[in-house]
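Structure record follows, encoded as structure tokens.
Readers should treat all values here as calculations from the given coordinates under stated rules, not as data from a laboratory. All values derive from a computational prediction rather than experimental measurement. Don't worry about glycine lacking a Cβ; one is built from the backbone with ideal geometry, like all the others, and counts go over all protein chains shown.
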Amino acid sequence: MNLLSEMEVACPYCGETISIMIDESVAEQSYIEDCQVCCRPISFMVTTYPGEEASVEVRREDD
Ligand SMILES: [Zn+2]
């Protein structure tokens, strides 16, 4: 069973849309990943709900 789903979010630095992969078997996760466009570190907070679309919050690392 594949619990990975792809979501699109806007980079908090450059505003470009980037795709991230979410592991829906994990209810809450946070991690830092560099923007694919401007290469600055974005802090992701992902919450998943069974049978529903996940919610993603993005934050600048320097806040
Ligand atoms: Zn960016």
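Structure above, values below:
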read-out: For the chain, diffusion coefficient by Stokes-Einstein and Kirkwood Rh (Cα), 25 °C, 0.890 mPa s, µm²/s; value: 204
read-out: Under the Karplus curve 6.51 cos²θ - 1.76 cosθ + 1.60, θ = phi - 60°, whole-Hz ³J(HN,Hα) for the range 21-37, x wherever Gly or Pro sits; value: 9, 10, 8, 6, 7, 10, 5, 9, 8, 9, 7, 10, 9, 6, 4, 6, 9
read-out: Those GluC sites (Glu not before Pro) in the range 9-63 that DSSP places in a loop and that have at most 10 other beta carbons within 10 Å; value: E52
